[in-house]
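Remarks on the structure that follows.
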Amino acid sequence: MPERRLFVYDRDRHSESHPERVVTQRRDQPRKFEDISKWQIETDVAIIGFGGAGACAAIEAADAGAEVVIFEVASASGGSTALSSAEIYMGGGGGTRVQRACGYQDSTEDMTHYLLAAQGDLGDEERIRLYCEGSLEHFDWMLARGVPYKDSEFKARAIVATTDDGLLYTGSEKAWPFRELAKPCPRGHNLEIEGDNGGPLFMKIMTEQVESRDVRIEYDARALCLISDDAGEVRGVVVRIDGEKVSVLARKGVILCAGGFVMNREMLATYAPETSQIATPIGNPFDDGTGIRMGEAAGGTLLHMNQCFLTIPYYPPSSLTFGILVNAQGQRFINEDVYHARIAAHIRKQVGESVYLIIGEKYWKEPNMLGGAIVATGETIEEVAEEAGLPVDNLSHTVQAYNEGAKKGVDPVFHKQADWLAPIESTFAAIDLTPGKHGNYVAFTLGGLWTRPTGEVRQMSGEPVPGLYAAGRNTCGLPRRAEGYASGLSVGDVTFFGRMAGRRAAHREGRG
Ligand SMILES: Cc1cc2nc3c(=O)[nH]c(=O)nc-3n(C[C@H](O)[C@H](O)[C@H](O)COP(=O)(O)OP(=O)(O)OC[C@H]3O[C@@H](n4cnc5c(N)ncnc54)[C@H](O)[C@@H]3O)c2cc1C
């Protein structure tokens, strides 16, 4: 039987007025199956959350013949998926239709090697391999459901394509060290729609797909806790609808697709304190971790809860890539042509109190999204160092060495691509990007329930919690660290493994 934490210390009540140590039952603690005398709703599969993961799980579960009910706390579908650009990271196997049309012959090996290297120690090899091997089929599945992709490439270095072009580089594939480990290829697939409007269109299409099937959808329905039997098997879920607590019997299982926890300040401060101090959370208000907590309370294990997608929008304008980033010692620490979240991850690792962008007037462009403060300008780099409070000799040496290489089109220390190399010349400026002080750092969470790739939520022993599945940011899935993130990995994960969880739950032997 899965281990359960029945009681927790209630911090809210342990206050001046309640000085005694108060112990209270967790609100998300599972209800006992044996105590339920009446089921208001019965189904095969109950899905919690109607964002990207929930939609894909519902489509696949219904197509596999299961009776499905979705419970969504908001009054409409969408979640954070609808707020996103819905770029999806896909490729391998010779290339998707869009990749091939744009002249790229992607290979599954290159895609796999890239993702393994990017996710590093935290990567889940089984999940990465499954994702890469199934990626072409996933692309075709999207097409068959009416998701439009244009056979054209967006060539600028950007966070999102602002055109309707179908393909762009969204990771660090062309940057060192990755270009030496796997042949670079663009894999970010962008929906055919002008502007940054992929998310709303994607969720509109997915919602229509769900509605066209025999799936019951309950909006304004907040899942409160799971229902487990004495053996620890999840048998259903309690949902609040119209102010009433409704008991839902899920004969085959419950799939938690309720998103991450970046909007839950207490959880963020507890699990990812550093991120909570420096970053603005991005997502929808219901990214409050309720699904994760329900799963944990029913015996699930949490994984990598400190990991977040943390970034600083370093580009556009791409010309800022011609600058160099230095730490409090006036030394570089990264090739500045990598993906923006990798930059943020390395900024966070610096010893000392400050991080600056050092750039020449020619390449400094405003407006930009950095949120940095120009703290020093000067005709010489020494003046800038002094004004910014950086060690003069160090910064001077850093810039001199960088410029010598840049003139020859090489970066011997950090291997920035020649396309982004140019000597830094007067007038010089130092832009303060010190986390917690300056810089538009934003984040959403990557940690969550530990699952099998097929969606089964795992106990500490690794065994599944019977009847319980999860997908999307409710889980610790494919992207596990900012350092190796590429745009499209989250919606890729959410949709690919959401589909898998839907199929797996639908094929489970049902229990009344
Ligand atoms: C601005 C922005 C841009 C982004 N762009 C990209 C991108 O281009 N590509 C990419 O890969 N990633 C992107 N991301 C990240 C990505 O969008 C999300 O990580 C992903 O869409 C999450 O999907 P999900 O299905 O897990 O959660 P969601 O889409 O958030 O769905 C969860 C649903 O569960 C509901 N819910 C929550 N609690 C309950 C409850 N107790 N009961 C019932 N329902 C509940 C919520 O209301 C929500 O509808 C972006 C994120 C943001 C914020």
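The values are calculated or read from the model by the stated rules, or taken from the named source; none is laboratory data. Predicted, not measured: the structure shown is a model, and the values here were computed from it. Because the Cβ atoms are built from the backbone with ideal geometry, glycine has one as well, and the counts that use them run over all protein chains shown.
Data overview
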quantity: Flag for Tyr89 being buried (at least 22 other Cβ atoms within 10 Å of the Cβ), at pLDDT 95 or above, away from the ligand (no atom under 12 Å from the Cβ) and closer than 26 Å to Val338 by Cα; calculated: no
quantity: Test: residue in the stretch 266-274 that is at pLDDT below 95 and not aliphatic (A, V, I, L, M); calculated: yes
quantity: Selection within the stretch 281-313 - among the hydroxyl-bearing types (Ser, Thr, Tyr), more than 9 Å from the ligand (Cβ to nearest atom) and more than 15 Å from the chain's Cα centre (by Cα); calculated: Thr301
quantity: Complete set of residues in the stretch 208-220 that are under 26 Å from the mean Cα position of the chain (by Cα) and away from the ligand (no atom under 14 Å from the Cβ); calculated: Glu208, Gln209
quantity: Close pairs (9 angstrom Cβ cut-off, 6 or more residues apart or separate chains): farther than 14 Å from Val494 by Cα and acidic (Asp, Glu) in the stretch 44-55, in a helix (DSSP H, G or I) and more than 8 Å from the ligand (Cβ to nearest atom) anywhere; calculated: Asp44/Ala61; Asp44/Ala505; Asp44/Ala506
quantity: Among the residues listed as Glu425, Glu404, the single one being surrounded by fewer than 16 Cβ atoms within 10 Å (Cβ to Cβ) and not in a loop (DSSP other than H, G, I, E, B); calculated: Glu404
quantity: Residues that are under 15 Å from Ser487 (Cβ atoms) and surrounded by 18 or more Cβ atoms within 10 Å (Cβ to Cβ), drawn from the stretch 159-173; calculated: Ile159, Val160, Ala161, Asp165, Gly166, Leu167, Leu168, Tyr169, Thr170, Gly171, Ser172, Glu173
quantity: Residue check, Arg473 within 11 Å of the ligand (Cβ to nearest atom), assigned by TED's automatic domain parsing to the domain that holds His304, basic (Lys, Arg) and assigned to a helix (DSSP H, G or I); calculated: yes
quantity: Among (1) at positive phi; (2) touching a Phe, Trp or Tyr at 6+ places or on another chain (Cβ under 6 Å) - the single one Gly352 does not satisfy; calculated: (2)
quantity: Count - residues of the stretch 270-280 that are assigned to a helix (DSSP H, G or I) and under 18 Å from the mean Cα position of the chain (by Cα); calculated: 6
quantity: Of residues in the stretch 461-505 being in contact (Cβ under 8 Å) with a residue 12 or more places away in the chain and among the acidic types (Asp, Glu), the one surrounded by the fewest Cβ atoms within 10 Å (Cβ to Cβ); calculated: Glu483
quantity: Near pairs, Cβ below 7 angstrom, 6+ apart or cross-chain, from the stretch 221-248 (farther than 14 Å from Ser37 by Cβ and within 14 Å of the ligand (Cβ to nearest atom)) to any residue that is among the aromatic types (Phe, Trp, Tyr) and in a strand (DSSP E or B); calculated: Ala221/Phe71; Ala223/Phe71; Val239/Phe71
quantity: Flag for Gly94 being farther than 28 Å from Arg213 by Cβ and more than 9 Å from the ligand (Cβ to nearest atom); calculated: yes
quantity: Extreme residue, nearest to the ligand (Cβ to nearest atom), among residues of the stretch 178-207 that are closer than 29 Å to Glu483 by Cβ and charged (D, E, K, R); calculated: Asp196
quantity: Selection from the stretch 253-280 of residues that are under 29 Å from Pro466 (Cβ atoms) and either surrounded by fewer than 24 Cβ atoms within 10 Å (Cβ to Cβ) or not assigned by TED's automatic domain parsing to the domain that holds Ile70 (or both); calculated: Asn264, Met267, Thr270, Tyr271
quantity: Scope the stretch 407-420; condition in contact with a Gly (Cβ under 6 Å, 6 or more places away or on another chain) and crowded, with 20+ Cβ neighbours inside 10 Å; matching residues; calculated: Asp411
quantity: Every residue from the stretch 62-91 that is farther than 24 Å from Gly289 by Cα, of a type in the set (Gly, Ala, Ser) and over 20 Å from the mean Cα position of the chain (by Cα); calculated: Ala62, Ala64, Gly65, Ala66
quantity: Tally of residues being of a type outside the set (S, T, N, Q) and assigned to a loop (DSSP other than H, G, I, E, B) across the stretch 258-269; calculated: 6
quantity: Hits in the stretch 46-62 - residues which are within 10 Å of the ligand (Cβ to nearest atom) and more than 16 Å from Ile205 (Cα to Cα); calculated: Ile47, Ile48, Gly49
quantity: Residue within the stretch 136-158 that is within 21 Å of Phe309 (Cα to Cα) and modelled with pLDDT under 95 present; calculated: yes
quantity: Close pairs (6 angstrom Cβ cut-off, 6 or more residues apart or separate chains): at positive phi in the stretch 399-415, in a helix (DSSP H, G or I) and of a type outside the set (D, E, K, R) anywhere; calculated: Gly409/Ala418
quantity: Residue check, Leu83 modelled with pLDDT of 95 or more and more than 30 Å from Leu224 (Cα to Cα); calculated: no
